[in-house]
Amino acid sequence: MRDLRHNNSTHAQKPAYTWTEPVTGMIFVWVPGGCYMMGCGEGNNNEKPVHEVCVDGFWMGQTEVTQGQWQRVMDSNPSYFKKGDNYPVEKVSWEDAGEYILKLNGMGNVKFRLPSEAEWEYAARSGGKAGKYSGGSDLDGVAWYFNNSGDRTHPVRTKKGNGLGIYDMSGNVWEWCEDVYIADILLLSLERFDLCLDQW
């Protein structure tokens, strides 16, 4: 097994550096740390003002947690769209996500957590790069959304990934982050259910 504890590993700078969690088969992508301008000057008020944020390197789930991965840990599937193991799990509250993480953490010696909103945005933007959508400017090419989804979810990794090899960050399902939304301190909680590896 690779030693993934060191943020300054020479391998960590390669976007394709991945690790597979053995219980669920979830693939994690290394996101090298750095600084970026978080927020959007043209977006909603809760995305302003644009401000510099620095994050340490971290591991991010390559896709949303799938129904199959959820079922392997929780022995249930709360999803409305029960289409198959490779579809994203949905109908999951923030508390449900926390319970999943606690159970997953109890199955091995690796610790998982939800990403912070700053980490999520940094990863979605391929390491803090400018761009309207995660993976490019062609929304149909990178995301399932109301114009092309048929009002249902779709299998993960069926649209183009971003520059780090992370998929579906601009569509398919809403996303959860660890942060709590507090308007006056620039924190926005999204509802994607991603996992990060805690340092160990």
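The values are calculated or read from the model by the stated rules, or taken from the named source; none is laboratory data. If you're wondering where the values come from, they're calculated on a predicted model, not measured in any experiment. FYI the Cβ positions are ideal-geometry reconstructions off the backbone, even for glycines, and counts take in every protein chain you see.
Taken together, Val73, Val89, Val53 contain a single residue that is under 13 Å from His154 (Cα atoms), in contact with a helix residue (DSSP H, G or I) (Cβ under 8 Å, 6 or more places away or on another chain) and among the hydrophobic types (A, V, I, L, M, F, W, C), which is Val89. Looking at the stretch 124-134, can you tell me whether even one residue there is modelled with pLDDT of 95 or more and of a type in the set (A, V, I, L, M)? No, because not a single residue in the stretch 124-134 is modelled with pLDDT of 95 or more and of a type in the set (A, V, I, L, M). Taking first residues from the stretch 133-152 that are closer than 24 Å to Lys82 by Cα and free of Cβ contacts under 8 Å to residues at least 60 places away in the same chain and partners that are of a type in the set (Ser, Thr, Tyr) and in a strand (DSSP E or B), the Cβ contacts under 7 Å between residues at least 6 apart in sequence or on separate chains come to Val142/Tyr133; Ala143/Tyr133. Scanning the stretch 135-167 for residues that are of a type in the set (Ser, Thr, Tyr) and at pLDDT 90 or above, which turns out surrounded by the most Cβ atoms within 10 Å (Cβ to Cβ)? This residue is Tyr167.
Looking at the stretch 15-35, which of the residues that are of a type in the set (Ser, Thr, Tyr) and within 12 Å of Leu164 (Cα to Cα) is surrounded by the fewest Cβ atoms within 10 Å (Cβ to Cβ)? Going through the qualifying residues, I end up with Thr18.
Taken over the stretch 80-100, the criterion of being part of a loop (DSSP other than H, G, I, E, B) and within 20 Å of Cys177 (Cβ to Cβ) is satisfied by Val89, Glu90, Lys91, Val92, Ser93. When the stretch 121-168 is filtered for residues that are assigned to a helix (DSSP H, G or I), under 22 Å from Trp30 (Cα atoms) and touching a strand residue (DSSP E or B) at 6+ places or on another chain (Cβ under 7 Å), the ones remaining, listed by number, are Glu121, Tyr122, Ala123, Val142.
When the criteria are applied in full, Asn86 meets the requirement of being touching a residue at least 24 places away in the same chain (Cβ under 8 Å) and either out of contact with any Asp or Glu (no Cβ under 6 Å at 6 or more places or on another chain) or of a type in the set (Lys, Arg) (or both). Note on the stretch 46-67: residues that are touching a residue at least 40 places away in the same chain (Cβ under 8 Å) and either of a type in the set (Val, Ile, Thr) or in a helix (DSSP H, G or I) (or both) amount to 7. Can you find a residue in the stretch 15-23 that is over 17 Å from the mean Cα position of the chain (by Cα), at pLDDT below 95 and closer than 27 Å to Met107 by Cα? Scanning the stretch 15-23 turns up at least one residue that is over 17 Å from the mean Cα position of the chain (by Cα), at pLDDT below 95 and closer than 27 Å to Met107 by Cα. Please work out which residue is surrounded by the fewest Cβ atoms within 10 Å (Cβ to Cβ), limiting yourself to the stretch 36-45 and to residues that are under 18 Å from the mean Cα position of the chain (by Cα) and part of a strand (DSSP E or B). If we take residues in the stretch 36-45 being under 18 Å from the mean Cα position of the chain (by Cα) and part of a strand (DSSP E or B), then Tyr36 is surrounded by the fewest Cβ atoms within 10 Å (Cβ to Cβ).
Please determine, by comparing only the residues of the stretch 46-75 that are acidic (Asp, Glu) and surrounded by fewer than 21 Cβ atoms within 10 Å (Cβ to Cβ), which one is modelled with the lowest pLDDT. Filtering first and then ranking leaves Glu47.
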